[in-house]
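**Student:** My structure is below; once you've seen it, I'll send some questions.
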Amino acid sequence: MNPNPERARRRYTSPLREEAARRTRETIRDAAARLFVRDGYVSTTVKNIADEAGVAVRTVFTAFPGGKAEIFREALDHAVAGDGDPRAVAAADPESSHGSGAVSHVDLVVEQVVRYGTAMLERAGGLLMTSVESSGADPDMRRFAADDAKATAENARTLAEGLEHAGWLREDVTVEHAADVLFTLSSPQVHALLRRDRGWDVDQYRRWLSGTLRATLLRRTAP
């Protein structure tokens, strides 16, 4: 009697094998992220990634059939998400904070927003800048950079609307203006300029961003 093909396929499915494949994928992703930030997207080849990860080129394509673009997308998504703690997102919502007895002061909300945004840029800023700096030479990078700019603009608009609803924007600051300022100040370009090019430490950057947001957008005393 011929063996059942479906049973044969199930027999070869092993949790240990799946775990090994996951770890290999993570190793390749992390190795590629280091090279993308250090050498740029265009200059980094799949062979470079394989060497950095200590695997064969074939293994890279087995783990990521889409090649470099798929690896970059996963590396960026992983860096942006971080631990995926929903409490960090909630802390960056001025409307939810305004209605909470535990967090009701504008200064604390600003600090939470700045802390959350800074942590994300510390994790993902290098890869975000890779997409920006490579966008002129690669269509995938151009798409990634455009998608990130759009998402950042939408987040800035949502935050500006929350600040306005809470009554914390200065009277001469519109939601549109606040959104533009938030978009600019929280951009990976400004983060890279100060942290990478000017050598600021993360605390210096965080203090500057917090103070600039207060001085530029917010009332001196919350209602």
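The values are calculated or read from the model by the stated rules, or taken from the named source; none is laboratory data. All figures in this text were calculated on a predicted structure; none of them were measured in a lab. All Cβ positions, even for glycine, are placed from backbone atoms using ideal geometry, and neighbour counts span all protein chains on display. To get the accessible areas, we keep the full protein, side chains included, count just its heavy atoms, and leave off ligands, DNA and RNA. Shrake-Rupley method; radii C 1.70, N 1.55, O 1.52, S 1.80 Å.
**Student:** Can you give the FRET efficiency for ARG196 and ALA153, using 1/(1 + (r/R0)^6), R0 = 35 Å, r = Cβ-Cβ distance, to the nearest 0.05?
**Tutor:** So, using R0 = 35 Å, E works out to roughly 0.95.
**Student:** Let me ask something else. Can you work out the PRE-style zone for ASP180? Point 7 Å along Cα to Cβ, and I want the residues of segment 134-173 with backbone N under 13 Å.
**Tutor:** So the set is 173.
**Student:** Would you mind listing how long segment 15-81 runs along its three principal axes, going by Cα atoms, in whole Å with the largest first?
**Tutor:** 35, 28, 18
**Student:** Considering only protein heavy atoms and a 1.4 Å probe, what is the carbon-and-sulfur percentage of the accessible area of segment 115-215?
**Tutor:** 51
**Student:** Pulled fully out, how much extra length does the chain show between GLU18 and THR212, if you take 0.36 nm times their separation in residues and subtract their Cα-Cα distance?
**Tutor:** 65.0 nm
**Student:** At 7 Å along the Cα-to-beta-carbon direction for both GLU122 and ALA56, put a label point, then send me their distance in nm to one decimal.
**Tutor:** It works out to 4.1 nm between the two label points.
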